[in-house]
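Novice: Below is one structure. I have some questions about it.
The values are calculated or read from the model by the stated rules, or taken from the named source; none is laboratory data. Note that the coordinates shown come from a computational prediction; the quantities given were computed from them, not determined experimentally. Here the Cβ positions follow ideal geometry from the backbone for every residue, glycine too, while neighbour counts run over all protein chains shown. Each accessible area value is taken on the protein alone, full model and side chains, heavy atoms only, with ligands, DNA and RNA left out. Shrake-Rupley method; radii C 1.70, N 1.55, O 1.52, S 1.80 Å.
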Amino acid sequence: MQDPKWCEAMHIEIQALQANNTWTFMPLPTSKKSIGCKWVYKLKPKPDGTIKQYKARLVAKGYSQIEGLDYRETFASVNKLVTVRVLLSVVAIQNWHVHQLDVNNAFLHGDLD
């Protein structure tokens, strides 16, 4: 965590969280316990195996929550492999071009410009 490259990655993550108004400071009710968080680190390699980017993500420890007490519902959009295969099949049949987009920070219900 003291390596300047990881510090820069953490700084970028904190800036993105602040820029997207990810949280609002609120008083914690006396009967509740706050949910912790932790840093998750990942190296993004180039095709030749050298390091392209240091990525750090601050994630909530959601596994400490209790259904019905701390939350009521969850949702995570997941693409099934069969859906991706169908899409790529249509692209190949129609002779379309495919472009990949790597989103630096994606937030649910975020504002899109």
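Novice: Excluding same-chain pairs closer than 8 in sequence, count the lysine pairs in the chain whose Cα atoms lie under 22 Å apart.
Specialist: 16
Novice: Going through region 1-103, which chymotrypsin sites (Phe, Trp or Tyr not before Pro) have at most 15 other Cβ atoms within 10 Å and a DSSP loop state?
Specialist: Sites meeting the loop and neighbour criteria: Trp23, Phe25, Phe75, Trp96.
Novice: Follow-up question, since we're still on this one. Considering all projection directions equally, how large on average is the shadow of the alpha-carbon convex hull of the chain, in square nanometres?
Specialist: Spelled out: convex hull of the Cα atoms, projected over all directions, averaged, 11.6 nm².
Novice: Let me ask something else about it. In Å², what does the accessible area per residue of the chain work out to with a 1.4 Å probe?
Specialist: 94 Å²
Novice: A further question follows. Tell me, what is the FRET efficiency for Ile14 and Leu87 to the nearest 0.05, using R0 = 41 angstrom and their Cβ-Cβ distance as r?
Specialist: Taking R0 as 41 Å, the efficiency between Ile14 and Leu87 is 0.70.
Novice: In whole percent, how big is the carbon plus sulfur part of the accessible area of the chain, probe 1.4 Å, protein atoms only?
Specialist: 56 percent
Novice: Using a 1.4 Å probe and counting only protein heavy atoms, arrange His97, His11 so the residue with the most accessible area comes first.
Specialist: Descending accessible area places them as His97, His11.
Novice: List the trypsin sites (Lys or Arg not before Pro) within region 1-79 that DSSP assigns to loop and that have no more than 15 neighbouring Cβ atoms inside 10 Å.
Specialist: Answer by residue number: Lys32, Lys33, Lys61, Arg72.
Novice: Leaving ligands and nucleic acids out of the surface, order Glu8, Glu73 by accessible area at 1.4 Å, largest first.
Specialist: Glu73, Glu8
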